[in-house]
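Values in this text are rule-based calculations from the coordinates and carry no lab data. Everything numeric here is computed off the predicted structure, so don't read it as measured data. A quick note on method: Cβ atoms are made from the backbone with ideal geometry, for glycine too, and the neighbour counts reach across all protein chains shown.
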Amino acid sequence: MTDQMPGGLERVLADIQQRLARLERDARTIAATPVAKASAPFFIPDGSPGTPSGGFVAYGSSGEPRFKTSSGDVIALPAGDVSDHTMTSSSVSNPPTQSQVNAIRTDVSNLSQQFNNALASLRADNVIG
């Protein structure tokens, strides 16, 4: 049987290590591609990126979206903190009845509370200031 690695295992491993180091270096120097419009869904893998020198890096963590800023902050999108609201005033007659007016007031109040909950959640996760 002929030797598949006539140069010696140590030389082959050293060559693989050099190639890996070169690929890692090249991967760090490739400029990010700006996304202005997506023509199809795209996949962002789980990862543990380094801190970018500017802008931010998008990555996944256990399937959840994360962003790492140039200051090293990790921002997670809030999930599940805001519930859906079912509208109670689906149709209104002309002129509206007092009951319909009350339903609209209830909807506006509930939507305002949902909006405030969403803002609080985004602030708690440092997505907005």
- [ ] Would you compute, from DSSP H runs of 4+ residues alone, the mean residue ellipticity of the chain at 222 nm, taking -39500 (n - 2.57) per run and dividing by the full residue count, rounded to the nearest 500?
- [x] -13000 deg cm²/dmol
Open item on the list: Using the crude model of +1 on Lys and Arg Cβ and -1 on Asp and Glu Cβ, and no other charge, please compute the dipole size for the chain relative to its Cα centre, in debye to 20.
Closed with: 340 debye
Task: Translational diffusion coefficient (Stokes-Einstein; Kirkwood radius from C-alpha pairs) of the chain at 10 °C, 1.306 mPa s, in µm²/s - done: 78 µm²/s
Task: Whole-Hz couplings from phi, Karplus 6.51/-1.76/1.60, listed for the range 119-129; x for Gly and Pro - done: 4, 4, 5, 5, 5, 5, 8, 6, 7, 10, x
TODO: Considering the convex hull of the alpha carbon atoms of the range 11-54, report its projected area averaged over all viewing directions, in nm², one decimal.
DONE: 5.0 nm²
Open item on the list: To make sure I understand, if each residue's beta carbon is the centre and we count other beta carbons within 10 Å, what order do Thr29, Thr69 fall in, fewest to most?
Closed with: Thr29, Thr69
Task: Gaussian network model of the chain, Cα within-10 Å springs - most flexible of Ala76, Ala40, Ala58 - done: Ala40
TODO: Would you kindly state the longest site-free stretch of the chain, with sites defined as chymotrypsin sites (Phe, Trp or Tyr not before Pro) in a DSSP loop (not H, G, I, E, B) surrounded by at most 12 other Cβ atoms within 10 Å?
DONE: 44-129
